[in-house]
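The values are calculated or read from the model by the stated rules, or taken from the named source; none is laboratory data. Remember, predicted model here, so these are calculated numbers, not experimental data. Cβ placement follows ideal geometry from the backbone for every residue including glycine, while neighbour counts extend to all protein chains displayed. Ligands, DNA and RNA are excluded from the accessible area calculation, which covers all protein heavy atoms including side chains. Shrake-Rupley method; radii C 1.70, N 1.55, O 1.52, S 1.80 Å.
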Amino acid sequence: MSDGSNALRGATCDEFDVVIVGSGFAGLYMLYRVRELGYRARVFEAGSDVGGTWYWNRYPGARCDSESIYYSYSFSEELEQEWPLLERYPAQPTMLSYLQHVADRFDLRKDIVFNSRVVSATYDEQRNSWSVRTDTGLEASARFLITAVGCLSAANKPEMPGQERFKGECHHTSEWPHDGVDYTGKRVAVIGTGSTGIQLIPEVAKTAAHLTVFQRTPQFTLPAYNRGLEPTYVNEIKASYPDLRQRCRESPVGTPYAPSDRSALEASPDDLRKAYEEAWAQGGAKFLGTFTDIMVSVEANQTAADFVRAKIDEIVRDPEVAEMLKPTSYPIGTKRIPIDSGYYETFNRENVKLVHLGRTPLVGFTEEGLRTTEGEFPADIVIFATGFDALTGPLLRMNLVGRDGIELKDKWAEGPRTYLGLATTGFPNLFTITGPGSPSVLSNMPVSIEQHVEWIQSCLRFLQDCGADKIEATPEAEDAWTDHVNQVAAKTLYPRAASWYMGANVPGKPRTFLPYIGGVGNYRKICDEIANSEYRGFRIPGRPTVTDVRFETVSRYAAAPKESEKNSEAEKVEAT
Ligand code: NA7
């Protein structure tokens, strides 16, 4: 681990070709790729080490909800062959070690300045360069600014009346102390039951004297069935990597599994139950792909939701608690589906109490704990598992100022507007890796990150080759893409939930569907076509500009494979 005393910290206003913000999955790979262009690059990182999400989220139970066989870089054959695959779902320490290993293996650290959060970045039109400032007073300027800040990195910390009076400890899961938190024998309160709360709660319940869970909206969750991976299985996977990676790149969500082409509405009750039981027994979020129409038809969705609600009844012994845990106000999957290890079972423990804030809202803190309209709940430790200001939060908190002094927060006051989720008009030479309007959080992130990084590298190479030093999305292309993102989302059930996909978890945030749901493979084709057309929809001085940009409203759900195509390697992988 770096101690942050990087030699580069002495620099004042240095000039670079590229400044990259963040050194998680995206920032590390972007640095690797811009070096290939011969560019001088500087990375600023708020943490004291690389890792991004996997550096910050150290809470008990933190684990990736994508499988380790495909949640990794594919760009280096040696890396993917040599890195050991130990568990079905990699734990946070494993992911952090992986990214530390990547940083060392490719000698990336020497261009990264740690403990330096970018607090402003301003574009100077005359100089055609970005000036970047950090909270430690460092300054740098660069022709290109690339954000690799993650989608879920700006913590959502709700203001709770009276918090300053509370005598115990408070922690947000994404800023977990590096020395850990000792809750053995203590009274713990957890606020929030999203993916994070659902991973954390069973772990804390094992050693805390008492755990009170404050649930605002009940969550559907699916069993993870995490397990160790057999060496023979790992060898088979590693031997099939070229094919497995390619299937990820072409797939709807960046995983190697073929989507179903069966409709839930055409299945008999017996077939439905059998199919859901099989998917439940396999574990993981693939359950939502059991039928092709679960995310587009209310009736089809209901069959999956009913199945999970019946499981809650089977698992949770107290019928009143089971009732409180059952989601009824949104279609299953429209709030990000967590996968768990014994979440519903945790409510059978004597030391765990569920408080449903939907019935008895939180009033605030007392000196001794938390108070709802129902009463007081003493706690020694309060854990906020209250999520993130997703996708736009990390970008807006950086105070980006574009051409003519336009501030990103003003430009996006009604919601984000981007071209491909990669660029935004008025902010020349800014690239946003996995930005709003790209598949990002609706995909296996490393696949989407690699696609964006490689697209940006090709774009920079194109500019180099034609002697250009500036690129900016046209307003027409941005309008067309933003409309397209909304039209594709409107064809699904996703906009029906008050979710962070919709910006609904942060008070005052505009309600708009933030990621692109057209599918990873379809999106890649669109991006490639734009690159192959010499960057249609972008303005590059000295080159013709094509402003007439249109997108067909594709749906990843319509792209189901034929039955014959489904007996692929992917099926064998999952069955192993
Ligand atoms: P989420 O999924 O946004 O979950 C946050 C939880 O906190 C959720 O249950 C919220 O209830 C709850 N919450 C948020 N604000 C409040 C307030 N003010 N009072 C009470 N409860 C509140 O974040 P996670 O960290 O769990 O997961 C985010 C992603 O990170 C996850 O999908 C993975 O990809 C990694 P709500 O449902 O909004 O009513």
Might you check whether a residue that is outside any helix (DSSP H, G or I) and within 25 Å of Ala91 (Cα to Cα) occurs anywhere in the range 259-279? no
Could you check how many residues of the range 201-218 are out of contact with any Leu (no Cβ under 8 Å at 6 or more places or on another chain) and within 9 Å of the ligand (Cβ to nearest atom)? 1
Given (1) open to solvent by 30 Å² or more (accessible area, probe 1.4 Å); (2) touching a helix residue (DSSP H, G or I) at 6+ places or on another chain (Cβ under 7 Å); (3) assigned to a loop (DSSP other than H, G, I, E, B); (4) not hydrophobic (A, V, I, L, M, F, W, C), number of the condition Glu345 does not satisfy: (3)
So, in the range 192-218, how many residues would count as being open to solvent by less than 20 Å² (accessible area, probe 1.4 Å) and outside any helix (DSSP H, G or I)? 9
Selected residue (criterion: farthest from Arg187 (Cα to Cα)) from residues of the range 383-401 that are in a strand (DSSP E or B) and either within 11 Å of the ligand (Cβ to nearest atom) or of a type in the set (Asp, Glu) (or both): Phe388
Count of residues meeting criterion [open to solvent by less than 60 Å² (accessible area, probe 1.4 Å), of a type outside the set (Lys, Arg) and either part of a loop (DSSP other than H, G, I, E, B) or over 15 Å from Val352 (Cα atoms) (or both)] in the range 316-337: 8
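Residues checked against (1) under 17 Å from Val453 (Cβ atoms); (2) in a loop (DSSP other than H, G, I, E, B); (3) open to solvent by 10 Å² or more (accessible area, probe 1.4 Å):
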site	(1), (2), (3)
Asp49	no, yes, no
Tyr59	no, yes, yes
Asp65	no, yes, yes
Tyr71	yes, yes, yes
Glu78	no, no, yes
Thr94	no, no, yes
Leu99	yes, no, no
The range 142-168, subset away from the ligand (no atom under 16 Å from the Cβ) and in a strand (DSSP E or B), residue surrounded by the fewest Cβ atoms within 10 Å (Cβ to Cβ): Arg143
If you go through the range 521-552 one residue at a time, how many are out of contact with any Ser or Thr (no Cβ under 8 Å at 6 or more places or on another chain), at negative phi and loosely packed, with under 15 Cβ neighbours inside 10 Å? 10
Restricting attention to the range 448-461, does a residue exist that is crowded, with 24+ Cβ neighbours inside 10 Å, within 16 Å of the ligand (Cβ to nearest atom) and part of a helix (DSSP H, G or I)? yes
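Among the residues of the range 172-200, which ones are away from the ligand (no atom under 13 Å from the Cβ) and either within 21 Å of the chain's Cα centre (by Cα) or among the small types (Gly, Ala, Ser) (or both)?
Result: Gly180, Gly185.
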